[in-house]
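See below for the structure under consideration.
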Amino acid sequence: MKKGKIMRKLAAGNWKMNGVLADLTEIANIAQTHPEPSVDILICPPATLIAPAVAISGPIAIGAQDCHPADKGAHTGDISAKQICDVGARYVITGHSERRQDHGETDAQIHDKTRAAHDAGLIAIICIGETLDERNSGATLDVLGKQLAGSVPSTATAQNTVIAYEPVWAIGTGLIPTIDQITEAHDFIRATVQQRFGSQAIEMRLLYGGSVKGSNAAEIFAVPNVDGALVGGASLKAQDLGPIIQALENA
């Protein structure tokens, strides 16, 4: 983190549509290995595992992967931020590229979901990122600026909001942006949120996501405006997430 920041760094795992009750042993193993972590550790399992994960998580925070913008109502299959909070979760991911692409979610919908998360007392991790075509056409910063403007509500603070930069073309592909590309994106995001929210945005945590693993984590965490990671596949096993957590603690 940059000099002057006081927020703890964050290692966040997104299990996506993976995991059954037996897999909660992975969360227990992380908790046992890191009983007093110097960084915040978060796991976002499927909705079916949120409550039992909370029960055994110890120092590990538990979050959800999505929420509906309404508190309640006729929304079959959805889950509200209030319900997520009610079972003990503390975070929710909004705007992940897989939600944007697979479900056609717009910046406006992500804005409303994030606002609902804030109203419920949850910390929202807002995901933004460009596709490969957008990267190749030189539109990366324009895309990030548009997503930040449309997805981040005025209720955002350093305490209730985390921004995750996840280049869509790097998620689950093994492709990784260069350090210069990560630096450019994170510096732009920091400058953009500071322009909108003022000096308090210095402490708003910015995560990098996209094929993060133990072998590349230290190099990525050395980038000044990278305050942690949003990890996909490497978060499913304690033995894979552990080196990433250790690299963040040492950064």
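The values are calculated or read from the model by the stated rules, or taken from the named source; none is laboratory data. Computed from a predicted structure; not experimentally measured. As a convention, Cβ positions derive from the backbone with ideal geometry for all residues, glycine included, and neighbour counts pool all protein chains shown.
Odds and ends about this structure:
- Segment 10-23 residues that are free of Cβ contacts under 8 Å to residues at least 40 places away in the same chain, paired with ones that are acidic (Asp, Glu) and assigned to a loop (DSSP other than H, G, I, E, B) (beta carbon under 6 Å, 6 or more apart): none
- Of the numbered criteria (1) out of contact with any helix residue (DSSP H, G or I) (no Cβ under 9 Å at 6 or more places or on another chain); (2) at pLDDT 95 or above, the one residue 27 fails is (1).
- Any hit, segment 231-249, residues being touching a His at 6+ places or on another chain (Cβ under 8 Å) and of a type in the set (S, T, N, Q): no
- Looking only at residues of segment 110-135 that are over 18 Å from residue 63 (Cβ atoms) and without any contact (Cβ under 8 Å) to a residue 60 or more places away in the chain, we find that the one that is surrounded by the fewest Cβ atoms within 10 Å (Cβ to Cβ) is 133.
- Residue check, residue 185 aliphatic (A, V, I, L, M), under 17 Å from the mean Cα position of the chain (by Cα) and surrounded by 22 or more Cβ atoms within 10 Å (Cβ to Cβ): yes
- The residue that is farthest from residue 161 (Cα to Cα), among those in segment 70-107 that are of a type in the set (Asp, Glu) and in contact with a strand residue (DSSP E or B) (Cβ under 8 Å, 6 or more places away or on another chain), is 78.
- The set of residues in segment 208-251 being closer than 22 Å to residue 130 by Cβ and hydroxyl-bearing (Ser, Thr, Tyr) consists of 208, 211.
- First in segment 185-205 and more than 11 Å from residue 145 (Cβ to Cβ), second anywhere and outside any helix (DSSP H, G or I) and among the acidic types (Asp, Glu), Cβ under 7 Å, 6 or more apart: 205/227
- Residues in segment 135-156 that are outside any loop (DSSP other than H, G, I, E, B) and not polar (S, T, N, Q): 135, 141, 142, 143, 144, 145, 146, 148, 149, 150.
Table: residues versus (1) in a helix (DSSP H, G or I); (2) β-branched (Val, Ile, Thr); (3) surrounded by fewer than 14 Cβ atoms within 10 Å (Cβ to Cβ).
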position	(1), (2), (3)
17	no, no, yes
22	yes, no, yes
29	yes, no, no
48	yes, yes, yes
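- Selection of segment 101-134 for residues being of a type in the set (Ser, Thr, Tyr) and part of a loop (DSSP other than H, G, I, E, B) yields 106, 131.
- Any hit, segment 57-73, residues being more than 18 Å from the chain's Cα centre (by Cα), among the basic types (Lys, Arg) and at pLDDT 95 or above: yes
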